[in-house]
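See below for the structure under consideration.
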Amino acid sequence: SGEAFGTFGFDIHHRYSDTVKEFLNLDGLPEKGTVDYYSAMAHRDHLFKGRRLATTTTDSQPITFFGGNETYRISSLGFLHYSFVTVGTPPVEYLVALDTGSDLFWLPCDCTTTCLRSFNISSEETLKLNIYSPSTSTSSVPVPCNSTICVRPQRGCSVRLNACAYQELYLSANTSTTGILVDDVLHLGTDTDPQEPIDAPITLGCGIIQTGAFVDGAAINGLFGLGMDGISVPSLLASKGFTSNSFSMCFSRDGLGRIQFGDKGSADQQVTPFNLRQLYPSYNVTVTQIVVGENETDIDFSALFDTGTSFAYLNDPAYSVIVQGFDSQIIEPRYVPPRRIIFDYCYSLSATQKSYSIPRLNLIMKGGGQFFVKAPTFVIPREGGYAYCLAIVKSEDINIIGREYWKYRSVTCLLVSIVSKNFMTGYRLVFDREEMVLGWKEANCYESISSNSTPPINKGSPVKSPPPSVFTPEATHDSSPPPPPPSPTTTTRPLFGNGSGVAARLSSVTTGLVMVLLATLALV
């Protein structure tokens, strides 16, 4: 009160009161006075407590998945990186593919024939795959049809389920996921040992029907969208105050990696701005020069950094500049596989050859940052030995901004290239969505973790590693003398990813699976 203005006041209403519900249209709450009603109230209080914890503990340090920040490259599942995430109440664990090229986080959900229940890590070990179900998670609430996130393309109302329905379409062999959107809890933690648990409310897709590659090719237990759209997990975490609007991913040569939310990188990292002129915001940057060995070419093209694409897809003239410059400096003879695959430039290795030298590939970014590609090739088996291929695919259709496991975007007259995960090997990448820059710095991610680490079947119970794939030549760990140091314009690649000759050999079954994968990717 005050003498000049008289007395003023206001009413205070509980956030679940009838008055507040009338104004805010809070759907999905049980009837007032029931056990379910008070359970929902207690759950919401728990979420708000978790948000306060996140605000106080993550200002100075990143957060990650509860249980650890590890990611794993699984060659038999599309050469993508995967991580274990925990969702719901009680918490249930899922093995999801990490994809910066799409937005929605979805899990296989209440499905029968379109969901896999297990995955063979090796001939002796099987990983059980959990299936999400809103009915078994007490913290799961369907997103109502009148929600603002339901008013957009490829969304609608499921009258039968009384929830917002979605369908996400991908280009890999009629690949899609269809279901409803639900709100639930993603279990995170501080990136410390021990972790401080953080429960973050998120929106995810309950994928009732999956088709195409999601049935048996990749992301068979869910896809973790990391794109720029508001429904992606990084966007949701930032909007609710859990982290800054950035995240980082690290890709080591041994197939391990890590992911951190709220990580803005270091002062000594190189950066380049994102291109924001596209119709659909994405992690798109500008390349101004290509250096192949001693050949330098000034050029200007856009490239998308996508962890959900297995290989690099380039349009001309960038494609021709790289492959022709590469081919002119290779001493091994060209190799043409008996069955056509998507890679045009392959080279035969002799029976006694244990390594090969290739010209260094360097992408100069807008702003002057230099991005040296550390893993531009991979090895394939051939009759009587092995060959290696330049892992770059020529892209022709300017209306497609992605191929394998990429969501379709109908963007007309957009000439763009794809920088895939194999180009990111050896780097810690920072997707800074506040400064709108991509940052990168050389890193091995895990100095103390063995290269034969694999996704555990149960936490704390490691399983045997599947046979290393010769498709990913990596650092050798044997006791033989190292090769002489390469010149500044070339780099030497070991033939196998493991120094053990026995472990490095592919069985006939594994070789067949690998060739089937390449045949699946073949151009027709």
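Values for this structure:
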read-out	value
Residue tally, condition over 26 Å from Ser252 (Cα atoms) and either assigned to a loop (DSSP other than H, G, I, E, B) or without any contact (Cβ under 8 Å) to a residue 12 or more places away in the chain (or both), over the range 81-122	13
Residue list for the range 38-73, restricted to those being of a type in the set (A, V, I, L, M, F, W, C) and at pLDDT below 85	Ala40, Met41, Ala42, Leu47, Phe48, Leu53, Ala54
Residue under evaluation Gln260, criteria (1) touching an Asp or Glu at 6+ places or on another chain (Cβ under 7 Å); (2) buried (at least 23 other Cβ atoms within 10 Å of the Cβ), criterion not met	(2)
Residue check, Gln154 touching a strand residue (DSSP E or B) at 6+ places or on another chain (Cβ under 7 Å), open to solvent by 60 Å² or more (accessible area, probe 1.4 Å), free of Cβ contacts under 8 Å to residues at least 24 places away in the same chain and at negative phi	no
Test: residue in the range 206-227 that is closer than 21 Å to Thr307 by Cβ, open to solvent by 10 Å² or more (accessible area, probe 1.4 Å), assigned to a strand (DSSP E or B) and out of contact with any Pro (no Cβ under 8 Å at 6 or more places or on another chain)	no
Subset of the range 432-457 that is farther than 16 Å from Lys366 by Cβ and part of a strand (DSSP E or B) - its residue that is modelled with the highest pLDDT	Lys441
Among (1) in a loop (DSSP other than H, G, I, E, B); (2) surrounded by fewer than 19 Cβ atoms within 10 Å (Cβ to Cβ), the one test that Leu169 misses	(1)
Exclusive hit being open to solvent by 50 Å² or more (accessible area, probe 1.4 Å), touching a strand residue (DSSP E or B) at 6+ places or on another chain (Cβ under 7 Å), of a type in the set (Ser, Thr, Tyr) and in the same structural domain as Tyr427 (by the TED database), set Ser357, Ser348	Ser357
For Asp298: the one exception among (1) more than 18 Å from Lys441 (Cβ to Cβ); (2) at pLDDT 90 or above; (3) outside any strand (DSSP E or B)	(3)
Given (1) free of Cβ contacts under 8 Å to residues at least 12 places away in the same chain; (2) closer than 30 Å to Glu70 by Cα, number of the condition Glu296 does not satisfy	(2)
Lone qualifier among Ala200, Ala238 - being at pLDDT 90 or above, touching a Gly at 6+ places or on another chain (Cβ under 8 Å), surrounded by fewer than 24 Cβ atoms within 10 Å (Cβ to Cβ) and not in a loop (DSSP other than H, G, I, E, B)	Ala200
Members of the range 298-309 that are surrounded by fewer than 24 Cβ atoms within 10 Å (Cβ to Cβ) and either farther than 20 Å from Met249 by Cβ or hydroxyl-bearing (Ser, Thr, Tyr) (or both)	Asp298, Ile299, Asp300, Phe301, Ser302
Condition check for Gly212: without any contact (Cβ under 8 Å) to a residue 60 or more places away in the chain and on the phi > 0 side of the Ramachandran plot	yes
Residue count for the range 360-394, restricted to those that are among the small types (Gly, Ala, Ser) and open to solvent by 10 Å² or more (accessible area, probe 1.4 Å)	5
Hey, Val271 open to solvent by less than 20 Å² (accessible area, probe 1.4 Å), touching a residue at least 40 places away in the same chain (Cβ under 8 Å) and at negative phi or not	no
Scope the range 244-254; condition of a type outside the set (Lys, Arg) and open to solvent by 20 Å² or more (accessible area, probe 1.4 Å); matching residues	Ser244, Asn245, Asp254
Count of residues meeting criterion [open to solvent by 20 Å² or more (accessible area, probe 1.4 Å) and either within 21 Å of the chain's Cα centre (by Cα) or free of Cβ contacts under 8 Å to residues at least 40 places away in the same chain (or both)] in the range 179-197	4
Residue count for the range 274-285, restricted to those that are buried (at least 16 other Cβ atoms within 10 Å of the Cβ) and modelled with pLDDT under 90	7
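The values are calculated or read from the model by the stated rules, or taken from the named source; none is laboratory data. Keep in mind the model is a prediction, meaning the values are calculated, not measured. When we count neighbours, we look across all protein chains shown, and the Cβ atoms used for this are built from the backbone with ideal geometry, even at glycine. To get the accessible areas, we keep the full protein, side chains included, count just its heavy atoms, and leave off ligands, DNA and RNA. Shrake-Rupley method; radii C 1.70, N 1.55, O 1.52, S 1.80 Å.
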